[in-house]
Amino acid sequence: MHVSNILSTLSLASLALAGPVQVVERQAQKLKIMPLGDSITEITCWRALVWDQLAAAGLANQVQYVGSQNSNPQNCKPSTANWDQHHEGHSGWLAIDIANSYLTNWLKTTPADIVMFMLGTNDVFRGRTTNDIIAAYTKMVTIMRAANPKTKIIVDLVIPLSAGSNSAIQALNARIPEWAKGLNSTESPIIIADCYTGFQTSDLRDGVHPNLSGDKIIASRVGPLLLDYVRQSLGK
């Protein structure tokens with residue numbers, strides 16, 4: 001009896017000691033999703049609404065958002081109270097600068113299995129050409145694949161502007177499908193979330209950023225594609 005009790009106690013102690021390690025391992029095994037972008041990623045609520053979709057599909061405990069940022073500037077209040085607020089959205093930043101100076105280190109620090117991005121608005125505002133922006137997209141994909149050859153990528157068509165630069169947004173969006181087709185691969189697929197079609201200027205709160213109805217549109221275009229990627233990655 002005494003020996004049995006001792007063995008039982010040791011066994012329980014071993015399980016207790018293994019607990020934190022197992023927790024870390026479970027966290028490490030979660031599928032990592034990086035929301036990447038500018039202020040349309042940082043100071044909006046579509047990320048939270050997409051997380052609701054993950055939760056409703058029973059996938060939230062198997063995934064995590066990743067990025068150097070962990071914030072909820074708009075005080076978004078989705079149905080999922082404990083939604084993951086990590087992201088790589090940076091207000092005012094250009095796709096060109098992110099590609100040239102930042103993305104490599106971000107992916108080293110917070111690796112990702114899936115990257116979803118909308119970028120180009122600030123580049124347009126600052127007069128960068130469509131060719132410049134597409135070249136930055138290409139460099140970002142190269143960096144993503146260097147970090148993880150099996151990265152799954154969602155590229156958003158950029159939402160409209162109510163200002164005069166919208167023609168440049170349209171020009172960028174017109175280039176994205178052929179660009180994505182040219183870089184698409186079986187190992188690292190690229191799919192497009194059409195966040196432009198049907199998005200009205202009335203869905204903007206300030207001429208640039210989505211209001212709640214705009215957030216819902218973005219989430220409705222991005223979410224289903226993300227769910228498909230997650231299910232594929234998890235073998236569901």
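What lysines could a cross-link reach from residue 77, if we take a straight Cα to Cα line under 18 Å and drop same-chain neighbours fewer than 8 places away? Leaving aside lysines fewer than 8 places away in the same chain, those within reach of residue 77 are 216.
Packing-wise, with mean Cβ within 10 Å as the measure, how do 44-50, 227-233 rank, highest first?
Working: 44-50: 24.7, 227-233: 16.1.
Packing order, densest peptide first, comes out as 44-50, 227-233.
Tally up the carbon and sulfur contribution to the accessible surface of the chain as a whole percent, 1.4 Å probe, everything protein left in place. Before the final figure, lay out each step's value.
Values: 6000 of 11160 Å².
Ligands and nucleic acids excluded, carbon and sulfur reach 54 percent.
Start at zero, step by 5 Å, and the Cα-Cα distances of segment 112-236 spread as 2, 11, 20, 22, 19, 15, 8, 3, 0, 0 percent across the bins. The alpha carbons of segment 161-231 stretch over 39, 27, 15 Å along the principal axes, in descending order.
Under unit Cβ charges (Lys, Arg +1; Asp, Glu -1), what dipole magnitude, rounded to 20 debye, does segment 187-226 have relative to its Cα centre? Mind showing how you got there, number by number?
Numbers: 3 positive and 5 negative charges, 24 e Å.
Taking the Cα centre of segment 187-226 as origin, the dipole is about 120 debye.
Working from Cα pairs under 8 Å separated by at least six residues, relative contact order for the chain is 21 percent. What is the extension gain from residue 186 to residue 61, computed as 0.36 nm multiplied by their sequence separation minus the C-alpha to C-alpha distance, in nm to one decimal? Residue separation times 0.36 nm, minus the Cα-Cα distance, leaves 42.3 nm.
For the chain, with only Lys/Arg (+1) and Asp/Glu (-1) charged at the beta-carbon, what is the dipole magnitude about the Cα centre, in debye rounded to 20?
Numbers: 19 positive and 18 negative charges, 83 e Å.
With Lys and Arg at +1 and Asp and Glu at -1, about 400 debye.
Using only alpha carbons, segment 68-115 has a radius of gyration to Kirkwood radius ratio (Rg to Rh) of 1.02.
Hey, what's the chain come to in accessible area per residue, 1.4 Å probe, Å²? Each step should come with its number before you reach the end.
Working: 11160 Å² over 236 residues.
Computed with neighbouring chains in place, this is 47 Å² per residue.
Recomputing mean projected area of the Cα convex hull in nm² from the coordinates shown identifies the correct label among (i) 20.0; (ii) 15.1; (iii) 34.7 as (ii). Please figure out what share of the DSSP beta bridges in the chain is antiparallel and state it in percent, rounded to the nearest 5. Antiparallel: roughly 15 percent of the beta bridges in the chain. Helical content alone sets the calculated 222 nm signal of the chain at -15500 deg cm²/dmol, taking -39,500 (n - 2.57) per DSSP H segment of four or more residues and averaging over every residue. Can you return the lysines within cross-link range of residue 139? Criterion is Cα-Cα under 17 Å, with same-chain partners fewer than 8 residues away left out. Here the lysines satisfying the reach criterion relative to residue 139 are 108, 150, 152, 181.
The values are calculated or read from the model by the stated rules, or taken from the named source; none is laboratory data. All values reported here derive from a predicted model rather than from experimental measurement. Every residue, glycine as well, gets a Cβ built from its backbone with ideal geometry; the counts of neighbours run over all protein chains shown. Areas reflect the complete protein model, heavy atoms only, side chains present, ligands, DNA and RNA absent. Shrake-Rupley method; radii C 1.70, N 1.55, O 1.52, S 1.80 Å.
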